[in-house]
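The values are calculated or read from the model by the stated rules, or taken from the named source; none is laboratory data. Just so it is clear, the structure is predicted and the values come from calculations on it, not from any experiment. Every residue, glycine as well, gets a Cβ built from its backbone with ideal geometry; the counts of neighbours run over all protein chains shown.
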Amino acid sequence: MAGTRAKKLRYWLEWLGVTAGMAIVPLFPRSLCYALGRACGMLGYLFDTNGRRVALANIEAAFGPDLTDSERRTVACQSYQTFATTLIDLFWSSRLTQENYRRYVEIEGIEPAEREPDQDRFGIAVSIHYGNFEWLPLVLGFLGYSADIVAERAKNPLLNPPMNQVRSRSGIGIVPRERAIVRLFKKLRRGRRAAILIDLNVRPTQPAVVINCFGMETCVTLAHAWLHQRTGTAILPAHSEHLGGGRYRVICHPKVHSQDATATEIAQRCWDSFETLIRKNPGAWLWMYKHWRFQPKDAARKYPFYANISPHFEKLKKRLHEAELAGSTGR
């Protein structure tokens, strides 16, 4: 009973902090938002011992001896600062409007993507937790694209309404994670677009594929690949990068359009467009997340400490391999 009361109290305090932030942060100048994000990120790095341990293990597994211990700590701290700044900027985004958003966001590559023939125009935008990923769907909305995003439910249910409200203020729709693929499929068929973050782990018992990420296998959503195969609409990878002064640049990558490929191949092509980016600027990615929860039983390299061997993961790998062989035979 005491534990339940403590959780409720924590939930209310979290809700109070988020709603206060949404009311106060928009009053700040952009330069203060950036400084505050860096300060909060530094504090997070210092005090979040569990998250810091995960981040350092991930960076070591991904880069190996290419980075020294000091460089790994620097990347981990930068990752915390990027994430904290992204959250603060989400609170500040109530100041963004159709009329002023171009003052804060440059957009590169969207025009060529839209000059393609109708059957090649993108309907699925994909990104990762890199840079200010929270502003990407907002920008889509301000550009006039009717799109829907998949939003992970917060553990604290009180936070979902205010967070979804600020995320949808440019006309973006919010789709819950449950049955998200089916919901997005119906929306794509009605002419809307979808926006999906593709770098989070999913259970191998869920709709998933296994891709190579920094030389290690990881289990991620197949939503974007499945939707591409079923609808024929192209996938547009995109990311945002900080320009200084509280401004960002949204960059659209070359589109992925290959219905003849397997779901694994499509998902791998999407990821590959981002990995090079992370290698160049690793501090902009979310390293505190457990990206490699499942370790292959025949792993030839060291995985992070939290990775475990899973029979479900092995079954998924076998099933995907058999489907790939069948697909290559039929081509």
### Query
Residues of the range 187-239 being under 26 Å from Trp135 (Cα atoms), in a loop (DSSP other than H, G, I, E, B) and more than 18 Å from the chain's Cα centre (by Cα), which ones?
Arg190, Gly191, Arg192, Thr233
### Task
Could you check the range 1-82 for helices (runs of 4 or more DSSP H) lying wholly inside it with 1 or more residues that are without any contact (Cβ under 8 Å) to a residue 40 or more places away in the chain, in contact with a helix residue (DSSP H, G or I) (Cβ under 7 Å, 6 or more places away or on another chain) and under 27 Å from Leu158 (Cβ atoms)?
30-47
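Working carefully through the options Ala261, Ala267, find the one that is crowded, with 19+ Cβ neighbours inside 10 Å, within 16 Å of the chain's Cα centre (by Cα) and either outside any helix (DSSP H, G or I) or not basic (Lys, Arg) (or both). Before you say what the answer is, go through the steps one by one.
Working: Ala261 fails: within 16 Å of the chain's Cα centre (by Cα).
Exactly one of Ala261, Ala267 is crowded, with 19+ Cβ neighbours inside 10 Å, within 16 Å of the chain's Cα centre (by Cα) and either outside any helix (DSSP H, G or I) or not basic (Lys, Arg) (or both), namely Ala267.
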### Task
Consider Glu324 carefully, then state whether it is acidic (Asp, Glu), surrounded by fewer than 17 Cβ atoms within 10 Å (Cβ to Cβ) and touching a residue at least 60 places away in the same chain (Cβ under 8 Å).
yes
#### Entry: The listed residue being surrounded by 21 or more Cβ atoms within 10 Å (Cβ to Cβ), at pLDDT 90 or above and part of a helix (DSSP H, G or I), out of Pro161, Pro137
Pro137
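Is there a residue being surrounded by fewer than 12 Cβ atoms within 10 Å (Cβ to Cβ), farther than 24 Å from Leu200 by Cβ and either more than 22 Å from the chain's Cα centre (by Cα) or among the polar types (S, T, N, Q) (or both) anywhere in the range 48-59? Outline the logic, then answer.
Pass one, the range 48-59, residues surrounded by fewer than 12 Cβ atoms within 10 Å (Cβ to Cβ): 49-50.
Add one more test, that the residue is farther than 24 Å from Leu200 by Cβ, and what stays is none.
Checked the range 48-59: no residue is surrounded by fewer than 12 Cβ atoms within 10 Å (Cβ to Cβ), farther than 24 Å from Leu200 by Cβ and either more than 22 Å from the chain's Cα centre (by Cα) or among the polar types (S, T, N, Q) (or both).
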### Query
When Gly21 is evaluated against the numbered criteria (1) at pLDDT 95 or above; (2) under 24 Å from Pro162 (Cα atoms); (3) crowded, with 16+ Cβ neighbours inside 10 Å, which criterion, by number, is the only one it fails?
(1)
